[in-house]
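Participant: One structure follows; several queries about it will come next.
The values are calculated or read from the model by the stated rules, or taken from the named source; none is laboratory data. If you're wondering where the values come from, they're calculated on a predicted model, not measured in any experiment. In this analysis, Cβ positions are derived from the backbone assuming ideal geometry, glycine residues included, and neighbour counts consider all displayed protein chains. Ligands, DNA and RNA are stripped out before the accessible areas are found, and what is left, the full protein with its side chains, is counted by its heavy atoms. Shrake-Rupley method; radii C 1.70, N 1.55, O 1.52, S 1.80 Å.
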2 protein chains.
Amino acid sequence: MIPRRYERLKQVLRKRQSDLTVITEDVHKPHNFSAIIRTCDAVGVFEVHSVNSNSKMPTYSPVAKGSDKWVNLHTHPDLKTAIAQLQQKDLKIYAAHLSEKAVDYRRIDYTKPTAILMGAEKHGVSELAADLVDGHIIIPMFGMVESLNVSVAAAVILFEAQRQRLAAGMYDRVSLDTKTLERVIFEWGYP
Amino acid sequence: MIPRRYERLKQVLRKRQSDLTVITEDVHKPHNFSAIIRTCDAVGVFEVHSVNSNSKMPTYSPVAKGSDKWVNLHTHPDLKTAIAQLQQKDLKIYAAHLSEKAVDYRRIDYTKPTAILMGAEKHGVSELAADLVDGHIIIPMFGMVESLNVSVAAAVILFEAQRQRLAAGMYDRVSLDTKTLERVIFEWGYP
Ligand SMILES: C[S@@+](CC[C@H](N)C(=O)[O-])C[C@H]1O[C@@H](n2cnc3c(N)ncnc32)[C@H](O)[C@@H]1O
Ligand SMILES: C[S@@+](CC[C@H](N)C(=O)[O-])C[C@H]1O[C@@H](n2cnc3c(N)ncnc32)[C@H](O)[C@@H]1O
């Protein structure tokens with residue numbers, strides 16, 4: 001690996017946030033799923049969780065721009081175990097969900113370990129997911145259309161998380177442990 | 001028109017921001033263009049400008065969710081006149097552009113009359129546009145991929161504008177003049 005390349009990979013990995021993640025629940029359109037992964041790469045999300053109970057595993061489209069290589073994807077066939085797994089790691093899970101009890105997404109503290117659950121294009125967040133998560137968040141809308149595109153909604157929330165984490169200096173501290181960092185540099189550098 | 005419908009249309013129009021707009025420069029993929037228009041509806045953008053010099057007029061996809069009905073689209077064959085027109089109305093135009101002189105998008109005051117210019121999927125903002133606008137803005141990225149999806153970038157900037165305008169109480173003041181408001185309620189209500 002040429003030194004410049006090695007430095008670039010290390011620089012990116014040193015900014016990766018191990019305690020900020022996204023769960024996609026049956027997001028199945030390739031351009032939506034790909035745009036979410038690409039946004040995760042830009043915000044420094046280390047790994048993404050994808051639950052596909054009602055749909056096939058999403059595929060990538062050219063919209064991903066290769067980000068599928070830089071963001072780890074964990075697929076889960078079952079929502080319940082996926083959520084339990086993350087809660088066990090002490091992440092708070094917020095469903096981006098247009099419900100009665102949803103709070104403004106800007107009121108959440110994203111410097112804490114956080115997972116954002118995004119709902120399916122057509123049916124949104126399932127009742128089961130809405131029940132299991134720690135809270136619902138909503139992006140204020142003032143228009144005629146009832147919802148945002150799912151990749152747009154994910155980006156708006158993730159860049160609010162980025163804003164908060166920037167202000168807290170979290171991109172200047174390394175969040176991955178040394179072993180993981182060395183392993184992933186190797187994986188990325190010699191594919 | 002049933003009274004409930006009339007009230008809903010009026011409520012949305014009273015929040016429309018006549019001095020916040022988007023210019024798309026050769027954004028030609030229907031799902032990108034449609035997602036931008038849908039985001040504009042949610043943020044309360046009254047009209048969008050679209051310049052299509054190197055590509056055909058963009059078409060809508062199902063991603064728009066009907067927002068093409070609620071956001072006026074002005075198409076311009078020529079970038080120069082489009083920009084001159086908006087600058088004459090005292091809007092500051094910022095190109096979302098990954099250039100050397102770009103400033104962090106969060107440092108802009110979007111409560112002032114503002115237009116955001118978004119570049120083409122493949123080639124980005126043209127040199128001509130980069131020259132003519134009042135400034136360049138950039139969304140900080142910490143990943144391997146060099147850019148965000150264009151509809152994602154537009155949303156991130158527009159929801160920062162929404163945040164600032166909410167804080168300034170601008171959604172509680174009516175920005176359209178009474179004549180326009182009455183005309184558009186009529187157009188929306190009786191298509
Ligand atoms: C197109 S929406 C689903 C719409 C579905 N009809 C519903 O009512 O939930 C797809 C996903 O995008 C996210 N989303 C869209 N608009 C949102 C908003 N304003 N606030 C929070 N999440 C939103 C949610 O995760 C939602 O499940
Ligand atoms: C896919 S990008 C174009 C990439 C192109 N290769 C370039 O270098 O400009 C399409 C458009 O999205 C917007 N965009 C994408 N990422 C951005 C970022 N981080 N900051 C500001 N605008 C961005 C810009 O308007 C850009 O022209």
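Participant: Among the numbered conditions (1) within 16 Å of ligand 2 (Cβ to nearest atom); (2) surrounded by 14 or more Cβ atoms within 10 Å (Cβ to Cβ); (3) more than 9 Å from chain A (Cβ to nearest Cβ); (4) among the β-branched types (Val, Ile, Thr), tell me where B:Thr180 comes up short.
Facilitator: Tallying (1) within 16 Å of ligand 2 (Cβ to nearest atom); (2) surrounded by 14 or more Cβ atoms within 10 Å (Cβ to Cβ); (3) more than 9 Å from chain A (Cβ to nearest Cβ); (4) among the β-branched types (Val, Ile, Thr), B:Thr180 fails exactly one: (1).
Participant: Taking the range A:112-152 as the region of interest, how many residues are within 14 Å of the chain's Cα centre (by Cα) and either without any contact (Cβ under 8 Å) to a residue 60 or more places away in the chain or within 16 Å of ligand 2 (Cβ to nearest atom) (or both)?
Facilitator: Going through the range A:112-152 one residue at a time, the tally reaches 2.
Participant: Could you tell me how many of the residues in the range B:46-100 are within 14 Å of chain A (Cβ to nearest Cβ) and touching a Lys or Arg at 6+ places or on another chain (Cβ under 8 Å)?
Facilitator: 5
Participant: State all residues of the range B:10-36 that are in a helix (DSSP H, G or I) and closer than 18 Å to A:Leu148 by Cβ; if no residue qualifies, say none.
Facilitator: The answer is B:Val12, B:Lys15, B:Pro30, B:His31, B:Asn32, B:Phe33, B:Ser34, B:Ala35, B:Ile36.
Participant: For the range A:144-154, does any single residue satisfy the condition of being open to solvent by 60 Å² or more (accessible area, probe 1.4 Å), within 16 Å of ligand 1 (Cβ to nearest atom) and outside any helix (DSSP H, G or I)? Let's see the steps before the verdict.
Facilitator: Restricting attention to the range A:144-154, the residues satisfying the condition of being open to solvent by 60 Å² or more (accessible area, probe 1.4 Å) are A:146.
Remaining after also requiring within 16 Å of ligand 1 (Cβ to nearest atom): A:146.
Narrowing the set further to residues that are outside any helix (DSSP H, G or I) leaves A:146.
So far as the range A:144-154 goes, yes, one or more of its residues are open to solvent by 60 Å² or more (accessible area, probe 1.4 Å), within 16 Å of ligand 1 (Cβ to nearest atom) and outside any helix (DSSP H, G or I).
One line per residue, one yes/no per condition, for (1) touching a Leu at 6+ places or on another chain (Cβ under 8 Å); (2) among the hydrophobic types (A, V, I, L, M, F, W, C); (3) farther than 29 Å from A:Gly189 by Cα:
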position	(1), (2), (3)
A:Ser53	yes, no, yes
A:Lys69	no, no, no
A:Ile83	yes, yes, yes
A:Asp90	no, no, yes
A:Ala95	yes, yes, yes
A:Leu117	no, yes, yes
A:Lys122	no, no, yes
A:Val125	yes, yes, yes
A:Asp131	no, no, yes
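Participant: Could you list, in sequence order, the residues of the range A:1-20 that are open to solvent by less than 10 Å² (accessible area, probe 1.4 Å) and either touching an Asp or Glu at 6+ places or on another chain (Cβ under 6 Å) or charged (D, E, K, R) (or both)?
Facilitator: Scanning the range A:1-20 gives a single hit, A:Arg16.
Participant: Of the residues that sit in the range A:159-168 and are at the interface with chain B (Cβ under 9 Å from one of its Cβ atoms) and either free of Cβ contacts under 8 Å to residues at least 40 places away in the same chain or of a type in the set (A, V, I, L, M, F, W, C) (or both), which one is nearest to ligand 2 (Cβ to nearest atom)? I'd like the intermediate steps shown before the answer.
Facilitator: Initial filter on the range A:159-168 (at the interface with chain B (Cβ under 9 Å from one of its Cβ atoms)): A:159-160, A:162-163, A:166.
Next, only the ones that are either free of Cβ contacts under 8 Å to residues at least 40 places away in the same chain or of a type in the set (A, V, I, L, M, F, W, C) (or both) stay: A:159, A:163, A:166.
Numbers: A:Phe159: 10, A:Arg163: 14, A:Leu166: 14 Å.
Restricting to residues being at the interface with chain B (Cβ under 9 Å from one of its Cβ atoms) and either free of Cβ contacts under 8 Å to residues at least 40 places away in the same chain or of a type in the set (A, V, I, L, M, F, W, C) (or both), the top hit is A:Phe159.
Participant: Checking B:Thr39 against (1) under 11 Å from A:Val145 (Cα atoms); (2) among the polar types (S, T, N, Q); (3) surrounded by fewer than 22 Cβ atoms within 10 Å (Cβ to Cβ), only one condition comes out false. Which one?
Facilitator: Going through the list (1) under 11 Å from A:Val145 (Cα atoms); (2) among the polar types (S, T, N, Q); (3) surrounded by fewer than 22 Cβ atoms within 10 Å (Cβ to Cβ), B:Thr39 breaks only (3).
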